[in-house]
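To start, the structure under review is shown below, and the notes come after it.
All of the numbers you see were taken from the coordinates with simple rules; none came from a lab. Remember, it's a predicted structure, so these values are computed and weren't measured experimentally. Neighbour counts are summed over all protein chains in view; Cβ atoms, including those assigned to glycine, are modelled from backbone coordinates with ideal geometry.
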Amino acid sequence: MTKEVGLEVDLGPLHLKNPIMPASGTFDVKCTLLNENELNRLGAVVPKSIAFKGREGNPEPRICETDCGLLNAVGVPSKGVEYFLKEDLPLLQKTNDTIIVSLTGNSIEDFCNLAERLNKIKEISALEINLSCPNLNNGIPFGNNKKKLYELIVNIKNSTTKPIIAKLSPNVSDIKEMALAAEKAGTDIINIANTLMGMAIDIDKQIPRLGNKIGGLSGPAIRPIVVRMIWESAQVVNIPIIGVGGVCCAKDAIEMFLAGASAIQVGSANFSNPYVMLEIISGVKRYLKEKKYNSIKDIIGLVKD
């Protein structure tokens, strides 16, 4: 009988049955084509970011296709935390035993209020902090200023006992500095990375193709950049890394594992193939068997400096 390879991973205090999950903003439990059994096969579920109070998103159009991905300027709309707890969380509980909730806010107070409100909700396994949100004091995203990033995470850690995932921005000159700042502040896990800022113009109408003018680029075009950032960060931090950006198949995921990611999230690919995460889980298993590895842990960070 062929021995089953192990896909279980520990991201600090967070245990996953396998390292494959959706990226926040690309998964909606009310709209997915996956049934409850299929969703339970994922390592975790990560719904779209929630805010403490309801907030509008950006003006339309919010999404446009590019040659190798998507530009989005959705603007993180949310119906607020109370709506999430009443309407969304009960549905998420039926799909998976590991629920990671993404938090958005414009100030430290926003994030801390959210973290404190969710702290005693036992069904929530971890909190992911969307660091691309702007700081109200200066308009600069928390993820682009290491001092503000550090201050935010320290305050969130004081507001919750749940594991914290810092979702870093790739729109920085040195991702290692931001990763180290997040680690020093006490984050349990880092997520590399959010979308790269981009712009597209309709040459016939001669106007931006997004209502917000600029947006975040996701999809295959950004994957080599993300792989580089994962590899660089893995050399300097001692906390687990989640990789996200352009993962479309098992090969893409394996590349991130080899670079140093302990888990991966799948984003834009979910829109074109709702079953892609399940296919990636199967593909990673095949790779490990073919290479005669016993566990996914055997290949994490195999490509070192």
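Figures for the structure shown
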read-out: Of Leu14, Ser272, Leu152, farthest towards positive along the dipole that unit charges on Lys, Arg, Asp, Glu beta carbons give the chain; value: Leu14
read-out: For Val244, residues with placed amide H under 5 Å, excluding near neighbours; value: Ile192, Ala193, Gln265
read-out: Within-10-Å neighbourhood charge of Ser78 [Cβ basis; K, R +1; D, E -1]; value: +3
read-out: Hydrodynamic radius (Kirkwood) for the stretch 169-248, which is based on Cα pairs only, to one decimal in Å; value: 13.9 Å
read-out: Coarse-grained scattering of the stretch 1-100 at q = 0.18, 0.22, 0.24 Å⁻¹, given as base-10 log I(q)/I(0) from a Debye sum over alpha-carbon atoms; value: -0.99, -1.20, -1.26
read-out: Around Leu39: net Lys/Arg minus Asp/Glu count, Cβ-Cβ under 15 Å; value: -3
read-out: Most positive-pole-ward Cα, Gly215, Cys249, Val5, against dipole of the chain from beta carbon charges; value: Val5
read-out: Projected area, mean over directions - the chain, Cα convex hull, nm²; value: 15.7 nm²
read-out: Mean separation of Cα contacts under 8 Å, 6 or more apart, over the residue count of the chain: relative contact order %; value: 20 percent
read-out: Residue of Glu116, Glu279, Glu290 that the Gaussian network model of the chain assigns the largest fluctuation, springs spanning Cα pairs under 10 Å; value: Glu290
read-out: Average Cα contact separation per residue, the stretch 123-230, under 8 Å, 6 or more apart, as relative contact order %; value: 23 percent
read-out: Positive minus negative residues near Ala181 (Lys, Arg vs Asp, Glu; Cβ under 12 Å); value: +1
read-out: About the Cα centre, charge dipole magnitude for the chain (Lys/Arg +1, Asp/Glu -1 at Cβ), debye; value: 300 debye
read-out: The chain: calculated mean residue ellipticity at 222 nm from DSSP helix runs of at least 4, using -39500 (n - 2.57); value: -8000 deg cm²/dmol
read-out: Top of Pro47, Pro220, Pro59 by mean-square fluctuation, Gaussian network on the chain, Cα under 10 Å; value: Pro59
